[in-house]
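Note sheet for the following structure.
A short reminder: the numbers here are calculations on the coordinates, not readings from a lab. As the structure is a computational prediction, the values presented were derived from the model and not from experiment. Please note: Cβ atoms are built from the backbone with ideal geometry, for glycine as well, and neighbour counts cover all protein chains shown.
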Amino acid sequence: MPEQILVVDDDPALLQVLTRFLQGQGFAVEAHQRGGTALAAVEQQEPAVAILDLNLPDLSGLEVMRRLKATRPDTEVILFTGLGGLDSAVAALRLGAYDYLVKSELKLPELAAVVERALERRHLTRANRELVEDLKQAREALAQRRAQELVQIRRIGERLAGPLTLEGLTQGLADLIWESLPLACLSLVLTGPEGERWGEAHRRRPELSPEAQAAWQGWLAHCLACPADPPSEAPCGWALMREEMAADGHRGLAAGGRPEPFEREEAELFRIFLLQGEAALRNLLLFEEVKSLAIRDGLTGLYNYRYFHEMLTQQVGQSRRYGWPLSLLFLDLDDFKVVNDTLGHPAGDVVLKSVADYLKRSVRQADILCRYGGEEFVMLLPQTPPEQAAVLAERLRAGIAGLRIPLPERELTVTVSIGVAGLPPHTDGAGLVEAADRALYRAKEGGKNRVCR
């Protein structure tokens, strides 16, 4: 069943264009020119995404959004605004809107991309909620067991429910198991999709002999090297508990051992710890994915406009505090509209991805590379004076001019104009952006395919 999209705009021509376009993308579209009729329709059916004009004849777009969110909180809202309504759009973002688009700059492929990202966030949010609900139900079922298990489940929730890193999850889960079960040795190792280690925790009794420690480490190394063929015998002839967890390509191995046999209840409690740890791992990975979607451009994978402005404020503050230089590069592909008009938007997307990939390969890890919008890119260069930034800009310009971008029709070359600006005293982030933008304008006026400061 196609996703339902609600479109509300008082311009009938634009409403018709958006309806046809979104239907062509495979969506079911409910179109209205007034906020009141749109809200009445929402009472009958929940839209997955609502596209609202800020200025409607009967209700403001913000009021429509407020009422819609009150009854349909899972609906993602995208706002249309003119340049003069950006303050209202920003206010709407604070109230829970997913994104906004400026009408005068509207491009249908960008609208489609924003709608797809909004749907992805809706699906991820719902999936995360279902996981949390599953976890809650599991805890309620376990509450029927013995009082000791109930206490341990509560401790797991308290320790693992907060914001964690993969290393923090590994250490926290190991601490819970070690504090709750009498073990001689405990090891917990978390690996990533390529087998890289993301977290590792080991616990042992102080009186454990060096020979026993060496035997345990050898057994563990064999398990990690050959997960499909674990050793048939436990180290030191001990009793052993071994459990695995997995989520989105990440795998975890937990093993605990001691000379004395384990009770059935102890083995069950050990398994419960790992089940809860796996649920926490899934939630952590989902949270990281949702967070990445919020700050990444869907086409190029670069940081987006919103993240750039967050980092701009941060970097300007650090530059002022520590007296570090800060520079900004403003890049714009030359005559990119010609590519879209003659070869089509898919070819334009290939060009943008190719340039973005080149830029990612060409900058330092500390540099902050973002897609500013359309064919524009920005690059914040911490601890870099403008003279040095200009050298980098010239190298990037020459490198992009030398790219050979393979397309189905032919091989394509592009050029870029770059504006360079350094942060002068008593200037804020907006001033730095304006200075780089002015330099970019001079580069365009001077014939393009050049660097200007």
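Summary table
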item	result
Loop-resident sites, the range 374-417, for GluC sites (Glu not before Pro), counting at most 11 other Cβ within 10 Å (DSSP)	E409
Crossing angle, helix 210-225 versus the chain [Cα axis fit, 0-90 degrees, rounded to tens]	40 degrees
Phi-based couplings in Hz for the range 185-199 (Karplus 6.51, -1.76, 1.60; Gly and Pro marked x)	9, 9, 9, 9, 10, 10, 10, x, x, 9, x, 6, 7, 9, x
Crossing angle, helix 264-295 versus the chain [Cα axis fit, 0-90 degrees, rounded to tens]	10 degrees
27 Å Cα-Cα reach of K448 towards lysines, excluding residues that sit fewer than 8 places from it in its own chain	K107, K337, K353, K360
Sorted largest first, extent of the range 305-452 alpha carbons per principal axis (Å)	52, 28, 22
Under Karplus coefficients 6.51, -1.76 and 1.60, residue-wise ³J(HN,Hα) of the range 119-126 in Hz, glycine/proline x	5, 4, 5, 4, 5, 5, 4, 5
Long-range HN-HN contacts of L403 with modeled amide H, under 5 Å	V414
In the range 328-416, the trypsin sites (Lys or Arg not before Pro) that fall in loop regions by DSSP, at most 16 other Cβ within 10 Å	R364, R404, R410
Prolate/oblate/rounded label for the range 257-337 (Cα gyration tensor, a/c 1.5)	prolate
In degrees, nearest ten, helix 147-160 long axis to first principal axis of the chain (Cα)	30 degrees
Over the chain: Kirkwood hydrodynamic radius from C-alpha pairwise inverse distances, Å	26.2 Å
Surface/4 of the Cα convex hull for the range 4-126, nm²	6.7 nm²
Mean-position separation - Cα centroids, the range 1-77 and the range 177-247, in angstrom	55 Å
Shape call, the range 86-142: gyration tensor on alpha carbons, a/c limit 1.5	oblate
J(HN,Hα) series, the range 402-407, from Karplus relation 6.51 cos²θ - 1.76 cosθ + 1.60, nearest Hz, glycine and proline x	x, 5, 10, 9, x, 10
